[in-house]
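Beneath this line is the structure, given in structure tokens, with notes to follow.
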Amino acid sequence: MNIVRILGMLIMAAGVVAIVVGGVFISQGIAKNNLIVERMNVEKVSLALDPNNPGDYTPINNSEDAQKAADTIAEHRRAIAPTYQDLLAGGRFDSTNATHLTYAQAMNLENYLYMAVTAFGLIQVTIANGVFMLIIGLAAGGAGLALYRISRVKI
């Protein structure tokens, strides 16, 4: 068996591995995206589209909507107090103080939404990497097949 034939088979094998791994990346990205969207729907996390119509809500299912909602909550939270230290005014958090509790709940929801923004971005990167791996796998498989066929030609 000549070296070109072996090299062709190795490159084809690497191409198959790249295709499989790319498929796993894509499927995991889609699954995680669906999980985040589903969890937000279960919790009914939504964004008011029209401030004049408080009943007009749309569920958050992408990075842009999550960013917009988090920024809106941050703006409202800062209307209560510009910073957490300003809220406490040198004191301690008091869970019986409605203002402290509202501020803390706003921080939690804001952080939840910023984490969703990060997760959606990571999902996009994962899916893009998967697509790139598929393309590279197909190219490597084709190159390996070409080398394998060349090795069979008698000169």
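For this structure, a couple of remarks:
- Test result for I6, assigned to a helix (DSSP H, G or I), touching a residue at least 40 places away in the same chain (Cβ under 8 Å) and of a type outside the set (D, E, K, R): no
- Selection count, the stretch 117-135, where residues are crowded, with 16+ Cβ neighbours inside 10 Å and farther than 18 Å from D65 by Cβ: 5
- Test result for A98, farther than 30 Å from L7 by Cβ, free of Cβ contacts under 8 Å to residues at least 12 places away in the same chain and of a type outside the set (K, R): yes
- Residue match in the stretch 105-124 (condition: free of Cβ contacts under 8 Å to residues at least 24 places away in the same chain, more than 27 Å from Q28 (Cβ to Cβ) and among the polar types (S, T, N, Q)): yes
- The stretch 1-27, subset of a type outside the set (A, V, I, L, M, F, W, C) and modelled with pLDDT under 95, residue surrounded by the fewest Cβ atoms within 10 Å (Cβ to Cβ): N2
- Search result, residues across the stretch 91-103 that are touching a Leu at 6+ places or on another chain (Cβ under 9 Å) and more than 11 Å from A81 (Cβ to Cβ): F93, D94, S95
- Subset of the stretch 101-155 [β-branched (V, I, T) and closer than 30 Å to R5 by Cα]: V131, I135, I136, I150, V153, I155
- Against the test of being surrounded by 12 or more Cβ atoms within 10 Å (Cβ to Cβ), in contact (Cβ under 8 Å) with a residue 12 or more places away in the chain and among the acidic types (D, E), the options D65, D71 yield a single qualifying residue, D65.
- Residue count, the stretch 28-43 (criterion: surrounded by fewer than 15 Cβ atoms within 10 Å (Cβ to Cβ) and either on the phi > 0 side of the Ramachandran plot or touching a residue at least 60 places away in the same chain (Cβ under 8 Å) (or both)): 2
- Here the helices (runs of 4 or more DSSP H) wholly within the stretch 48-155 that include at least 2 residues being at pLDDT 95 or above, under 30 Å from A18 (Cβ atoms) and among the small types (G, A, S) are 98-152.
The values are calculated or read from the model by the stated rules, or taken from the named source; none is laboratory data. Everything numeric in this text was worked out from a predicted model, so none of it was measured. Cβ coordinates were reconstructed from backbone atoms using ideal geometry, including for glycine residues, and neighbour counts include every protein chain displayed.
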